[in-house]
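S.K.: This is the structure I want to talk about, given as structure tokens.
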Amino acid sequence: MCKKPERALPIVATALAIMALLVACVPAPLSPTPEPKGGGEFRVILLAEPQSLNPDLRNDDASVIVANNLFNRLVTADSASSNANDYAAKGTSRR
């Protein structure tokens, strides 16, 4: 026999909700990635002003954040957590 309309309404509503969720989960088509531009500015939110931009005098958190973004290191850690050359590998020397 036929179901009563009041019983069919929750089933239809549930089916429509599941279909809407499945349609929303379809990924959008990928657009080509634009070429990176050189230059520009890099902004970092700091809790305080850095006390110094001299990397030898960095003793506060803000100075460490700024110095790490401005200056290269001689060595750094790679993905395997071992030492890897950073600036030292470039073969630069002061004369």
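The values are calculated or read from the model by the stated rules, or taken from the named source; none is laboratory data. Every value quoted in this text rests on a predicted model; they were computed, and no experiment measured them. Quick reminder, even Gly has a Cβ in these numbers, built from the backbone with ideal geometry, and neighbours come from all protein chains shown.
Per-residue answers, yes or no, for (1) assigned to a loop (DSSP other than H, G, I, E, B); (2) surrounded by 10 or more Cβ atoms within 10 Å (Cβ to Cβ); (3) at pLDDT 80 or above:
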{"position": "9", "(1), (2), (3)": "no, yes, no"}
{"position": "14", "(1), (2), (3)": "no, yes, yes"}
{"position": "30", "(1), (2), (3)": "yes, no, no"}
{"position": "64", "(1), (2), (3)": "no, yes, yes"}
{"position": "84", "(1), (2), (3)": "no, yes, no"}
{"position": "95", "(1), (2), (3)": "yes, no, no"}
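S.K.: Among the numbered criteria (1) without any contact (Cβ under 8 Å) to a residue 12 or more places away in the chain; (2) within 26 Å of residue 85 (Cα to Cα), which one does residue 75 miss?
M.R.: So residue 75 meets the others, but not (1).
S.K.: Which residue pairs have Cβ atoms closer than 9 Å, lie 6 or more positions apart in sequence or on different chains, and pair a first residue in the stretch 37-49 that is assigned to a loop (DSSP other than H, G, I, E, B) with a second residue that is among the aliphatic types (A, V, I, L, M) and surrounded by 10 or more Cβ atoms within 10 Å (Cβ to Cβ)?
M.R.: Hits for this filter: 44/65; 44/66; 46/62; 46/65; 46/66; 47/62; 48/62; 49/62.
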